[in-house]
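Taking it in order: structure first as structure tokens, then the write-up.
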Amino acid sequence: MARWFEGHHFTVTGSRSQLENLLLKLFCVLFVVCQTFVGNQVTCLKILPQQIQAIVDLAAFHLEKVPEFLDLLNDIVKVSELGLTLKRNQAYVMKYLMQVSLTDYLDSLTFTIKLHLHRIALFFAKTKV
């Protein structure tokens, strides 16, 4: 994979075709990574908890744009050809999903509370006696 990325330097301010090209290559890499885990129990068991957490974070934050991260998590948890669920990986995925969900919920709740407090402050600022 390192050879594949050699010479492919893109900037965020690049042209749209460069960004689309980068996204296409990213999807290709993600597909290759998914295929690494499909039906390969030994490889699935070698994945580290930190790597699972990174994939869960990516899946949570980029779900709408890159739903293939969920396919990757599925391939890591379930060895499809054997019909075998790897309990260790399943436990890690669930643990990290719950952490992401709770964090997102608390962040959105904090944002909502701050928004309401700001609206109340604006209301009282307008109704000064």
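Worth pointing out:
- Count of segment 18-48 residues which are loosely packed, with under 12 Cβ neighbours inside 10 Å and not in a helix (DSSP H, G or I): 1
- Among the residues here, Ala91 does not qualify as surrounded by 10 or more Cβ atoms within 10 Å (Cβ to Cβ), at pLDDT 85 or above and either closer than 15 Å to Val33 by Cα or within 16 Å of the chain's Cα centre (by Cα) (or both).
- Flag for Val66 being surrounded by 14 or more Cβ atoms within 10 Å (Cβ to Cβ) and assigned to a loop (DSSP other than H, G, I, E, B): yes
For every residue, the table says whether it meets (1) within 26 Å of Asp107 (Cβ to Cβ); (2) over 20 Å from the mean Cα position of the chain (by Cα); (3) modelled with pLDDT of 90 or more.
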residue	(1), (2), (3)
Leu22	no, no, no
Ala59	yes, no, no
Glu64	yes, no, no
Leu84	no, yes, no
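- The residues of segment 78-98 that are assigned to a helix (DSSP H, G or I) and in contact (Cβ under 8 Å) with a residue 24 or more places away in the chain, listed by number, are Arg88, Asn89, Tyr92, Val93, Tyr96, Leu97.
- Residues satisfying the stated conditions in segment 49-63, i.e. in a helix (DSSP H, G or I), among the hydrophobic types (A, V, I, L, M, F, W, C) and either without any contact (Cβ under 8 Å) to a residue 24 or more places away in the chain or within 17 Å of Leu23 (Cα to Cα) (or both): Ala54, Ile55, Leu58, Ala59, Phe61
The values are calculated or read from the model by the stated rules, or taken from the named source; none is laboratory data. Everything numeric here is computed off the predicted structure, so don't read it as measured data. Cβ sites come from the backbone with ideal geometry, for glycine too, and all protein chains shown count toward neighbours.
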